[in-house]
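Novice: Take a look at the following structure, please.
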Amino acid sequence: MFKKIVELLGRIILGLFFFFEAVDTIVYFGQTRETLESYGITFMPNVLIVLSIIVLLIGASMVIIGYYASVGAAMLFVYWFLFTLIVYSFWNDPVEDKNLTITYFSRNMALCGGLLILVANGVSGWSVKRILHVMRLPK
């Protein structure tokens with residue numbers, strides 16, 4: 001029972017992080033576009049931002065409710081790993097910015113590790129998929 005509760009809380013916390021990231025991207029759409037262009041990504045930035053919002057919302061929802069949580073975690077991993085490599089490339093930063101960038105890079109890699117653990121182990125406790133699997137509908 002304790003394992004199921006901890007797993008559920010972990011999924012909710014992990015999913016909410018990415019959900020709020022999507023909301024933040026929506027609220028600050030213009031600033032996100034400017035930031036994207038400052039990193040040299042000028043090919044259809046609006047489309048890329050909308051796609052990233054969709055991936056974040058769908059992936060976070062799948063992780064939180066536990067419906068194909070492994071697939072949602074895999075989607076979030078691919079997005080977050082690429083995002084981290086592009087945004088926090090500490091190997092290109094000046095020396096005075098390197099420590100902060102390494103800290104953010106490490107935090108994001110830890111999130112990627114958590115997502116990979118979810119991909120590998122899936123959901124064993126409380127989830128919508130488990131409820132649908134166990135539930136018997138009348139014929």
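Novice: Would you confirm, using the coordinates I've provided, whether residue 18 is closer than 19 Å to residue 114 by Cα and modelled with pLDDT under 95?
Specialist: Details: closer than 19 Å to residue 114 by Cα: yes; modelled with pLDDT under 95: no.
Taking the combined requirement at face value, the residue does not satisfy it.
Novice: Ok, one more. Condition test on residue 41, is it more than 23 Å from residue 124 (Cβ to Cβ), modelled with pLDDT under 95, among the aliphatic types (A, V, I, L, M) and not in a helix (DSSP H, G or I)?
Specialist: Numbers: more than 23 Å from residue 124 (Cβ to Cβ): yes; modelled with pLDDT under 95: yes; among the aliphatic types (A, V, I, L, M): yes; not in a helix (DSSP H, G or I): yes.
Answer is yes for this residue.
Novice: Considering only residues that are modelled with pLDDT of 90 or more and within 19 Å of residue 35 (Cα to Cα), look in segment 69-99 and name the one that is surrounded by the most Cβ atoms within 10 Å (Cβ to Cβ).
Specialist: Among them, the one singled out is 80.
Novice: For segment 59-74, give me each residue that is part of a helix (DSSP H, G or I) and touching a Leu at 6+ places or on another chain (Cβ under 9 Å). Spell out the reasoning first.
Specialist: In the first step, residues of segment 59-74 are kept if they are part of a helix (DSSP H, G or I); the result is 59-65, 69-74.
The answer is 59, 60, 62, 63, 64, 69, 70, 72, 73, 74.
Novice: Can you name the residue in segment 11-20 that is touching a residue at least 24 places away in the same chain (Cβ under 8 Å) and more than 15 Å from residue 54 (Cα to Cα) and is also nearest to the chain's Cα centre (by Cα) among such residues? I'd like the intermediate steps shown before the answer.
Specialist: Just the residues of segment 11-20 that are touching a residue at least 24 places away in the same chain (Cβ under 8 Å), to begin with: 11-12, 14-19.
Going one step further and asking which of them are more than 15 Å from residue 54 (Cα to Cα), we end up with 11-12, 14.
Working: 11: 11, 12: 12, 14: 8 Å.
So the residue we want is 14.
The values are calculated or read from the model by the stated rules, or taken from the named source; none is laboratory data. Every value quoted in this text rests on a predicted model; they were computed, and no experiment measured them. FYI the Cβ positions are ideal-geometry reconstructions off the backbone, even for glycines, and counts take in every protein chain you see.
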